[in-house]
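Engineer: Input: one structure, supplied below.
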Amino acid sequence: MEEVQKKKFTGGIHPKDNKELSSGSAIQNAPLFEKYHVILCQHIGAPPKLVVKTGDTVKKGQMIAEPGGFVSAPVHSPTSGTIGKIFDVPGPSGVNQEAVEIIADGQDEWGSGLDPIPDWQNTAPEVLKERIAKAGIVGMGGAAFPTHVKLSPPPAKKIDTLILNGAECEPYLTADHRLMLERPEAILEGASIMARVLGIKNVYIGIESNKPDAIAGLNAKSEPYKVNVVTLKVRYPQGGEKQLIYAVTGRKVPQGMLPMDAGCVVQNVGTAAAIYDAVTQGRPLVERVTTVTGEPVVNPGNWLVRIGTPIADVIRLAGGVSRTPGKVILGGPMMGFAQKSLEVPVMKNTSGILLLDQVDTVQFTSQPCIRCGKCIDNCPMDLLCGTISCFIENEKFDKAEELHVMDCLECGACAYDCPAHRPLVQHVRRAKAEIRARKAKQNPK
Amino acid sequence: MSEATNNEIRMPNPEKLIVSSSPHIHSKSQEIWKIMLWVILSLLPAAVAGVWFFGLPALEVILLCVIFSVMIEMAWCMIEGKPVFGTIKDLSAVVTGMLLAFNLSAGVPWWICLIGAFLAIGLGKQIFGGLGSNPFNPALVARVGLLIAFPKIMTTWVPTRQMIAEAPTYSDFISRADMVAIRAGKLDAVTCATPLGFAKNAVTPQLVGRTPLEAGMEKFYAVDGQDGLWNLFIGNVGGCLGETSALALLIGGILLISLKLIKWQVPLAFIGTVAVFTCIVNMVSPTTTPDALFHVLSGGLFLGAFFMATDMVTSPMTTKGAVIFGIGCGLITCLIRVWGGYPEGVSFSILIMNALVPLIDRFAKKIPFGYKALEKGEAI
Amino acid sequence: MGTALIALVLLAVTGAALGVIIGLAGKFFAVKTDPRIEQVTEMLPGANCGGCGRAGCADFAKALCAGEAAPAACPASSPEAVEQIAAFLGISAGGGEKKVAVVLCGGDKTHAGQAAHYNGVSDCVSASLIGGGAKGCTFGCLGLASCVRACPFNAIELVNGLAIVHNEICTGCGNCVDKCPRKLIKLVPKTSEVHVYCSSPEKGPTKKKVCSAACIGCRKCAKNAEEGQVEMQGFLARVNYNNPPSAGLVEATGCPTGCLRTPEEHYRQETATQEVA
Amino acid sequence: MHDYLQVTVGAVLVYNFVLSRFLGICPFLGVSKRIDTALGMSGAVIFVMTLASMATAAVFHLVLSKPVEIAGLGTIKLEFLQILLFILIIAALVQLVEIMLQKFSPPLYNALGIYLPLITTNCAVLGVATINAQATYSVWLSTINGFFSGVGFAVALVLFASLRERLEMAKVPKPFEGMAIALITAGILAMAFMGFSGLC
């Protein structure tokens, strides 16, 4: 069933999406590489505990680290082989993180120890939820929050809606788009599994209108799954959780609260497909679709890569670069992280590897704010971004907090349009860090 | 993949990479100099109108003001140790120079332009730290400063070409003031009053049996014939060289609004408040002040409402604040025009409201997303 | 004469009446304050650095008069001033060693390279949030002067992209300690003569790749020092500040990368490399 | 009615104590760093000015303006005592306000600091008293004039404080930092207020 969005959030921007670079190329399977560096902590929450040691042999899909708590997820080996060294590699955030080296034996033999559950319709939700947890599935859209935690709302919160996020509002990225085109059944069935876990009937999938083929494809197949396809206006950040809920259901998530406070659970389409694989195929999350794109890339496209592949290898798959790029970004151009090393491995939430020419990247300055108010008009959260950044620049963090700096999404719509090229998002990040540090100091718990 | 192909593939050089915060792309259309360029373009119709009505001296004043402004900005940067060409590239000095010229009579001597440019760029902008930090509109600081320092020169207006040619009776109402001394040989030694000046009865002697306002208005219409209001609209009246033509200013203002470079709420609130206020006063007591249409079209209202009150740096950032700002400007303008000592209050009103901007910003905030839901308890 | 008399009488009467009113008001609305607080506040340095853990000098003075704090808790006062306050209040000065801050990193621009170009806010916290900063060593000083700005006494100087504390100015208030996102700043006893200017826990060769002035964990200093004076923490030598070694250790060791230095030598060398650079 | 309107508008806008008469500059510059303290100071000044106007006007009308006849000494006009007497009264009033504030609002008392006692010698307070006397306003009109002069002072002070809070974030060139830029801003503000001249 096709629907049109109910509400439109205020603000937002409409950057040139450049998706045509890679949206036409089908998902290709990446070849087996010799070595993988699997970072242990790939999610938000407690770090997992290592269960293998150097020299052990592992099968593809075998757990190499167990969850370190409820809000945690296990990590599995991306291929069969032996465990090499356990060492620090540069992580996507620029800080070194503990990783396990896996030396492939070339057999790529499965051995996850998880049995497929083809008859999930008649399986208890608890069993399904446990499977999702054991498969190490985390939010694949960006935040990497363990999925089974999102699917376990406290009993006091009445959840009535599941929303699949297929907006993919970030420019350049096409991984979700291709996934929706090529594996619509997997996504729809994954959604149905989640709906069963949550015990709800309303399932929506929100897609921006610039992907008409994906909308048509999902629509054609959605009938038996009772999933409503919602066409969303093309507007960044339409894929933001709160904005998506507002667009699909017309509900506003109250300030400082979670989607479940508005009765919603939001999941990425990639997560839904991963859940399908985990439940019906018994395959843990060991690979994902990633877009390699950008003007300098020789052959932009989408690849199914194993988690733990260094991004240098992935860029090589795309034929390398035709000219020296100014930036290598994990994620999209609006919210992704600029990298200084190509040794960073692909993570569970790496939706894209974007290479930008130097002329296309923004040159930040510390010019004073000219108070044009563009940032305020653009802010999807209706914050006074410009004023906040002036306060932060002068280290008046309490005043920034009064102006609700903690509610910022860091979507970057403000800095995108700032005529003075002010690093507004970086200011906000700093303020958030300083305010959190101050609070931690005040009540050490 | 074999080693050989690996070597052929060109890879990014990590040392050449830039790390910076997200977002990594930027809207190419949003640059300060581009905004300023649009403002300059939208000021051009009024500049053309000024030159058309007041002749080449107007062009000379505009050019002088722009050149002096740019030069003073460069000099200031040089003294401060900043790159000399650093801040003039954003074109803000050119905009300030043009606005300053628009606020001067076509008959001012060159040194008024120089002092004005210094007041605007130095005292109005750079002393506060340059573009973005100045709490007051630089051009208005200069205009008000000049008005107070040189009241005689700043209130000596030259008539338009058409007025001299078409109205032989004109000389009855012009005071043969010291124009000769001001600009020897450049213009006819005539001056005239602004329409608001007539209304204030500031320059015309009172006629028997009429109220001062009636007498003043009669003279205004006598000077400009039957088409008084039409002349007001197109700018065929005395006044500052850039403020007389409401038509030209309207064209520029609409251009800026359609480009979303200024908030349409400010001019609407400003002009609307003046119209409503003067309409009410005129209805209650017709002898106090002329009708609303006259007020709206005369003086620097259009220039102020579209180009000065909307100056990004010195006006509130939120839409709510912009409306308050516009209404405030309108009220103070009316207060000064109707009861004050000066015939025109637009510059003063904007300057006073500029000072109020931090307070307006403080109280006219936006409610962030999800806050109302929190208050209403809409959460499930 | 009469006029003067009248004036005098009038003023005297008015003055007396008003005086009575004020006197009564003062009695009725009297607020008890400790007069010593103001005097003690004046004896304090007045930098409001917060090094004592209180919200400024006036607050500290209040605590002193209430007997809740010892005068020596003020890190910014000279020992003489502390004595003076103690004598004034008739309490003991309170013990405690004088401390100073030290930035334990020797990775200046010359020795430690950048991994990429950084474009953003010139502030260490901000930079560390963006890809961990552009510096090759992810544990070294970012050189964006957050601590310099945090110091109320201007005791920290940025030399060749490296923050260096001037011991003679530093009061040990500790304002800079929290500001460093890399946790490089430690408060150490003022008497300590030697520091290991490196804080990277990584293995020697890894460190060497990104910084030529790093501690490579060769243990030379630990062997040359007396028992317990220098400890090895993984691949990093650490001076035990409870039992600090003397300046002679530097010569005895001959540290291969030169990251074991005295503060004076550290400053001298960094200024020298800056001039070369 | 017209009188009252004229006094009101005149006191707040046209003859604004700070921006037009340039009186009371000390607290204007001293307490205008933050809006909160500016509001506190404004309240104190309004209070003192109103009371001082009332008290001094009463004294003026009852004692000073009348020739006093005293047996043996002849008739004496006491107007020459005006300033002496006014200062005495104002000083006592401020002292009272201070005592009350310390008792009832210690945070405000601390925030106002040295400036509260300074109201004693604040020319604005003495100014309003002498202006009242000069114009021979009645006690009631004097009180109104005092109150609205205080309001005018408050308007200027709060406006200025909000501007200075914004200026704190501006990158003012070194030589003009601090008081210099504050004075320049005050100057421009005073210039803007000249637009009100002639209103009444």
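The values are calculated or read from the model by the stated rules, or taken from the named source; none is laboratory data. If you're wondering where the values come from, they're calculated on a predicted model, not measured in any experiment. Cβ sites come from the backbone with ideal geometry, for glycine too, and all protein chains shown count toward neighbours. What goes into the accessible areas is simple: the full protein's heavy atoms, side chains included, and nothing from ligands, DNA or RNA. Shrake-Rupley method; radii C 1.70, N 1.55, O 1.52, S 1.80 Å.
Engineer: Give me the aspartates and glutamates in straight-line cross-link reach of B:Lys263: C-alpha distance below 14 Å, same-chain residues under 8 apart excluded.
Structural biologist: Partners found: A:Asp377, B:Asp311.
Engineer: What is the log10 of I(q)/I(0) for chain C, computed with the Debye formula using one identical point scatterer on each Cα and no solvent, at q = 0.08, 0.14 Å⁻¹?
Structural biologist: After summing over all Cα pairs, the log10 values are -0.47, -1.01.
Engineer: Could I ask something else about it? Please compute the contact order of chain A in relative form: average sequence separation of alpha-carbon pairs under 8 Å and at least six residues apart, divided by the residue count, as a percent.
Structural biologist: Working: 1052 pairs, mean separation 85.8, N = 445.
Relative contact order here is 19 percent.
Engineer: If you average over every viewing direction, what projected area does the convex hull of the Cα atoms of segment B:30-154 give, in nm²? List each step's numbers first, then the result.
Structural biologist: On the way: hull surface 29.2 nm².
Orientation-averaged projected area of the Cα hull: 7.3 nm².
Engineer: Please compute the contact order of chain C in relative form: average sequence separation of alpha-carbon pairs under 8 Å and at least six residues apart, divided by the residue count, as a percent.
Structural biologist: On the way: 456 pairs, mean separation 42.6, N = 277.
Normalised by residue count, the contact order of chain C is 15 percent.
Engineer: Would you work out the charge dipole size for chain A about its Cα centre, treating the Cβ of every Lys and Arg as +1 and the Cβ of every Asp and Glu as -1, and quote it to the nearest 20 debye? Write down the numbers at each step before the final one.
Structural biologist: Numbers: 50 positive and 47 negative charges, 224 e Å.
Value, rounded to 20: 1080 debye.
Engineer: Kindly provide the helix-only [θ] at 222 nm of chain D, computed as the sum of -39,500 (n - 2.57) over DSSP H runs of four or more divided by all residues, to the nearest 500 deg cm²/dmol?
Structural biologist: Values: 9 runs with 131 residues, N = 200.
Taken over chain D, the calculation gives -21500 deg cm²/dmol.
Engineer: Of all beta bridges DSSP finds with both residues in the protein assembly as shown, what is the antiparallel percent, to the nearest 5? Write down the numbers at each step before the final one.
Structural biologist: Details: 59 of 88 bridges.
The antiparallel fraction comes to roughly 65 percent.
Engineer: Now, a different point. Using Cα centres only, tell me the gap between segment A:403-445 and segment B:12-26 in whole Å.
Structural biologist: Answer, in whole Å: 20.
Engineer: Quickly estimate the mean residue ellipticity at 222 nm for chain C, helices only: each DSSP H run with n ≥ 4 gives -39500 (n - 2.57), and the total goes over all residues, rounded to 500.
Structural biologist: Numbers: 11 runs with 104 residues, N = 277.
Computed ellipticity for chain C at 222 nm equals -11000 deg cm²/dmol.
Engineer: While we're here: Any idea which of D:Thr185, A:Asn443, A:Asn302 is furthest toward the positive side of the dipole for the protein assembly as shown, if Lys and Arg beta-carbons carry +1 and Asp and Glu beta-carbons -1?
Structural biologist: Going by the charge dipole, the pick is A:Asn443.
Engineer: State the cysteines of chain A left without a partner when partners are defined as other cysteines whose beta carbon lies under 4.7 Å away.
Structural biologist: A:Cys41, A:Cys169, A:Cys264, A:Cys369, A:Cys372, A:Cys379, A:Cys390, A:Cys408, A:Cys411, A:Cys418
Engineer: Follow-up question, since we're still on this one. Any chance you could check the Cα centroid distance between segment A:374-390 and segment C:113-134 for me, in angstrom?
Structural biologist: Computed from Cα coordinates, the inter-centre distance equals 24 Å.
Engineer: Looking at chain C, do any whole DSSP H helices span at least 30 angstrom along their long axis by alpha carbon and average 0.5 or above on Kyte-Doolittle, and which?
Structural biologist: Working: long enough: C:2-28 (39 Å, 2.04).
Helices meeting the span and hydropathy rule in chain C are C:2-28.
Engineer: Here is the link list: A:Lys396/C:Lys135; A:Lys16/B:Lys16; B:Lys89/D:Lys174; C:Lys99/C:Lys179; A:Lys35/A:Lys327; C:Lys179/D:Lys33. Which ones come out longer than 29 Å on Cα distance? Show your work: numbers first, answer last.
Structural biologist: Values: A:Lys396/C:Lys135 27 Å; A:Lys16/B:Lys16 26 Å; B:Lys89/D:Lys174 23 Å; C:Lys99/C:Lys179 18 Å; A:Lys35/A:Lys327 25 Å; C:Lys179/D:Lys33 27 Å.
Pairs exceeding 29 Å: none.
Engineer: Grab the beta carbon distance between D:Cys26 and D:Lys66, set R0 = 30 Å, and tell me the FRET efficiency rounded to 0.05. Could the numbers behind the result be given before it?
Structural biologist: Details: r = 35 Å, r/R0 = 1.15.
Computed FRET efficiency for D:Cys26 and D:Lys66 comes out at 0.30.
Engineer: Calculate the mean, over all residues of peptide A:416-422, of how many other protein chain Cβ atoms lie within 10 angstrom of the residue's Cβ.
Structural biologist: Details: counts 7, 5, 6, 12, 6, 4, 2.
Across the residues of A:416-422, the mean count of other-chain Cβ atoms within 10 Å is 6.
Engineer: To the nearest 0.05, how large is the calculated FRET efficiency for D:Met179 and C:Glu42 if R₀ is 30 Å and r is the Cβ-Cβ distance?
Structural biologist: FRET efficiency, D:Met179 to C:Glu42: 0.80.
Engineer: I want to verify the translational diffusion coefficient of chain A in µm²/s; compute it with Stokes-Einstein, Rh as the Kirkwood radius over Cα pairs, at 20 °C and 1.002 mPa s.
Structural biologist: Answer from the Stokes-Einstein relation: 96 µm²/s.
Engineer: Where in chain D are the DSSP H helices whose C-alpha atoms run 18 Å or more along the long axis and whose mean Kyte hydropathy is at least -0.5?
Structural biologist: Details: long enough: D:35-59 (35 Å, 1.62); D:82-104 (33 Å, 2.04); D:139-167 (41 Å, 1.23); D:179-193 (21 Å, 2.37).
For chain D, where a helix must reach 18 Å along its axis and average at least -0.5, the hits are D:35-59, D:82-104, D:139-167, D:179-193.
Engineer: Which of the helices in chain A meet the span-like rule: DSSP H, Cα axial reach of 30 Å or more, Kyte-Doolittle mean at least -1.0?
Structural biologist: Answer set is empty.
Engineer: Label-point separation (nm) for A:Gln358 and B:Phe85, each offset 7 Å from Cα along Cα-to-Cβ?
Structural biologist: Here the modelled spin labels are 2.0 nm apart.
Engineer: Turning to a different aspect of this structure: Calculate what fraction, in whole %, of the accessible area of segment A:42-86 sits on carbon and sulfur atoms when a 1.4 Å probe is rolled over the protein chains.
Structural biologist: Numbers: 1070 of 1810 Å².
Answer for segment A:42-86 is 59 percent, counting heavy atoms of protein chains only.
Engineer: Relative contact order of segment C:67-183: what whole-number percent is it, with Cα pairs under 8 angstrom and at least 6 residues apart? Walk me through the numbers before you get to the answer.
Structural biologist: Numbers: 172 pairs, mean separation 31.0, N = 117.
About 27 percent, as a whole number.
Engineer: Excluding residues on the same chain fewer than 8 positions from B:Lys372, give the aspartates and glutamates whose Cα lies under 15 Å from its Cα.
Structural biologist: Straight-line reach from B:Lys372, under 15 Å: A:Asp261, A:Asp382, A:Asp407.
Engineer: Once neighbouring chains are kept in place and the probe is 1.4 Å, which whole percent of the accessible area of segment C:195-277 is contributed by carbon and sulfur?
Structural biologist: Values: 2160 of 4340 Å².
With neighbouring chains kept in place, the figure for segment C:195-277 is 50 percent.
Engineer: Please compute the modelled spin-label separation between C:Thr3 and C:Ala252, points set 7 Å along Cα→Cβ, answer in nm with one decimal.
Structural biologist: 9.3
Engineer: What total accessible area, in Å², is buried where chains B and D meet, using a 1.4 Å probe and rounding to the nearest 100? Write out the running numbers ahead of the final one.
Structural biologist: Details: alone 19270 and 10770 Å², together 27510 Å².
Looking at B and D, the buried total is near 2500 Å².
Engineer: Let me ask you something else. Per residue of D:86-97, how many C-beta atoms from partner chains lie within 10 Å of its own C-beta, taken as a mean?
Structural biologist: The mean count of partner-chain Cβ atoms within 10 Å per residue comes to 3.
Engineer: Just in segment A:355-439: which trypsin sites (Lys or Arg not before Pro) are loop by DSSP and have at most 15 other Cβ atoms within 10 Å? Walk me through the intermediate numbers first.
Structural biologist: Numbers: sites: A:Arg371, A:Lys374, A:Lys396, A:Lys399, A:Arg429, A:Arg430, A:Lys432, A:Arg436, A:Arg438, A:Lys439; in loops: A:Arg371, A:Lys396.
Of the trypsin sites (Lys or Arg not before Pro), not one in the loops of segment A:355-439 has a Cβ with at most 15 other Cβ atoms within 10 Å.
Engineer: Dipole magnitude of the protein assembly as shown about its Cα centre, charges +1 at Lys/Arg Cβ and -1 at Asp/Glu Cβ only, in debye to the nearest 20? Show your work: numbers first, answer last.
Structural biologist: On the way: 110 positive and 101 negative charges, 190 e Å.
Charge dipole of the protein assembly as shown: 920 debye, to the nearest 20.
Engineer: I'd like the distance between the alpha-carbon centres of segment C:215-240 and segment D:1-71, rounded to an integer number of Å.
Structural biologist: For segment C:215-240 versus segment D:1-71, the Cα centre distance is 74 Å.
Engineer: Share of Cα-Cα pairs in the protein assembly as shown beyond 51 Å, in percent? Let's see the in-between values first.
Structural biologist: Details: 373139 of 846951 pairs.
Result: 44 percent of Cα pairs exceed 51 Å.
Engineer: Under a plain spin-label model, where a point goes 7 Å from the Cα along Cα-to-Cβ, how far apart in nm are C:Met232 and B:Met283?
Structural biologist: A separation of 9.4 nm, rounded to one decimal place.
Engineer: Round to a whole number: what % of the accessible area of chain D belongs to carbon and sulfur, probe 1.4 Å?
Structural biologist: On the way: 5840 of 8450 Å².
Accessible surface attributable to carbon and sulfur in chain D totals 69 percent.
Engineer: Using a 1.4 angstrom probe on protein heavy atoms only, which residues from segment B:124-160 are buried by at least 40 Å² of accessible area when all chains are present rather than their own chain alone?
Structural biologist: In segment B:124-160, residues shielded by partner chains: B:Ile127, B:Phe128, B:Gly132, B:Ser133, B:Pro135, B:Phe136, B:Ile148.
Engineer: Just list whichever of A:Lys348/A:Lys432; A:Lys252/B:Lys365; A:Lys374/A:Lys432; A:Lys340/A:Lys439; A:Lys19/A:Lys233; A:Lys374/A:Lys439 have alpha carbons separated by over 28 Å in the model shown. Walk me through the intermediate numbers first.
Structural biologist: Values: A:Lys348/A:Lys432 25 Å; A:Lys252/B:Lys365 19 Å; A:Lys374/A:Lys432 22 Å; A:Lys340/A:Lys439 31 Å; A:Lys19/A:Lys233 16 Å; A:Lys374/A:Lys439 31 Å.
Going by Cα-Cα distance, A:Lys340/A:Lys439; A:Lys374/A:Lys439 fall outside the 28 Å limit.
Engineer: So, counting K/R as plus one and D/E as minus one, what does the shell of residues with Cβ under 12 Å around C:Gly136 add up to? Can you show the working numbers first?
Structural biologist: Numbers: positive: A:Lys340, C:Lys109, C:Lys135, C:Lys207, C:Lys208, C:Lys209; negative: B:Glu15, C:Glu202.
Here the count lands on +4.
Engineer: Shifting gears a bit: Give the accessible surface of segment C:13-172 per residue, rounded to a whole number of Å², with probe radius 1.4 Å and ligands, DNA and RNA excluded. Intermediate results must be reported in sequence, preceding the final value.
Structural biologist: Values: 7180 Å² over 160 residues.
Here the residues of segment C:13-172 average 45 Å² of exposed surface.
Engineer: Moving on. In deg cm²/dmol, rounded to 500, what helix-only [θ] at 222 nm does chain A give when every DSSP H run of at least 4 residues adds -39500 (n - 2.57) and the total is split over its residues?
Structural biologist: Working: 13 runs with 116 residues, N = 445.
Here the helix-only value at 222 nm equals -7500 deg cm²/dmol.
Engineer: For the ranges A:160-170, A:199-209, what's the packing order if you count other beta-carbon atoms within 10 Å of each residue, average per peptide, and put the highest first? List each step's numbers first, then the result.
Structural biologist: Working: A:160-170: 26.8, A:199-209: 20.1.
Most protected by this proxy first, the peptides run A:160-170, A:199-209.
Engineer: I've got another one for you. Mind putting a number on the dipole of segment A:374-442 about its Cα centre? Charges go on the C-beta only, +1 for Lys and Arg and -1 for Asp and Glu, and I need it in Debye to the nearest 20.
Structural biologist: On the way: 11 positive and 11 negative charges, 73 e Å.
That gives a dipole near 340 debye.
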